[in-house]
1. Let me check I've understood the local charge: for Q49, count other residues with C-beta under 9 angstrom from its C-beta, Lys and Arg +1, Asp and Glu -1. What total comes out?
2. Let me know the shape class of segment 57-112, please: from the alpha-carbon gyration tensor, a ≥ b ≥ c as square roots of the eigenvalues, rounded when a/c is under 1.5, otherwise prolate if a/b is greater than b/c, or oblate.
3. Could you calculate the FRET efficiency of R106 with D60 from 1/(1 + (r/R0)^6), where r is the beta carbon distance between them and R0 is 25 Å, rounded to 0.05?
4. Ordered by packing density, taken as the mean number of other Cβ atoms within 10 Å over each peptide's residues, highest first, how do 1-11, 86-96 rank?
5. Name the aspartates and glutamates eligible as straight-distance cross-link partners of K11: C-alpha to C-alpha under 12 Å, and not fewer than 8 places from it in the same chain.
6. Given H placed on each backbone N at 1.01 Å, which residues far from G54 in sequence or on other chains put an amide H within less than 5 Å of it?
7. Starting from the Cα coordinates of the chain, work out the convex hull volume and express it per residue in Å³.
8. Reachable lysines from K99, Cα under 22 Å, same-chain residues fewer than 8 places away excluded?
Amino acid sequence: MAKMLARLEDKERRRRPSDEELAERARDLAQKYLGGRPRPTSVSWSSQQERRWGSCTLVDGSIRISTRVQGMPEWVLDYVLLHELAHLVHAGHGPDFWKLLEAYPRTDRARGFLEGVSFVQDDAG
Ligand SMILES: [Zn+2]
């Protein structure tokens, strides 16, 4: 039981990484799926994202991820990070942008997940 709780805590912690852990995760993901091309200068959580899951500032290469993503499955957080990282390579949502994200096997699933969350939240609001 203690072991199971420890595992759950570990999982919960990984779903809510610190800013430093978030930046490290972004670097790993950029390396693994995007050939190391995006090099963000900073990656941090932000509670000022309104309805967006994340944003990036091209001029300084910084990425902010909405705190609303905290507690979502890790593969969803990874997708949100990859989405913003891909914007450092392609600013818009054109075919080249989505082509980059095809490297991540859970892109479609994560987009579906986030659409579902938005739907529920819009409905509640
Ligand atoms: Zn985007």
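Rule-based calculations on the coordinates, nothing more; no lab input. Predicted model only: the values in this text are computed from it and were never measured. Here the Cβ is made from the backbone with ideal geometry for all residues, glycine too, and neighbour counts use every protein chain on show.
1. That sum, taken over residues with Cβ under 9 Å, equals +3.
2. Here segment 57-112 falls in the oblate category.
3. With R0 = 25 Å, the Cβ-Cβ based efficiency is 0.30.
4. Ranked by mean Cβ neighbours within 10 Å, highest first: 86-96, 1-11.
5. Counting by Cα, and skipping residues close in sequence, K11 has these aspartates and glutamates nearby: E74.
6. S66
7. Convex hull volume per residue, Cα atoms: 126 Å³.
8. Once the sequence-local lysines are set aside, what remains near K99 is K32.
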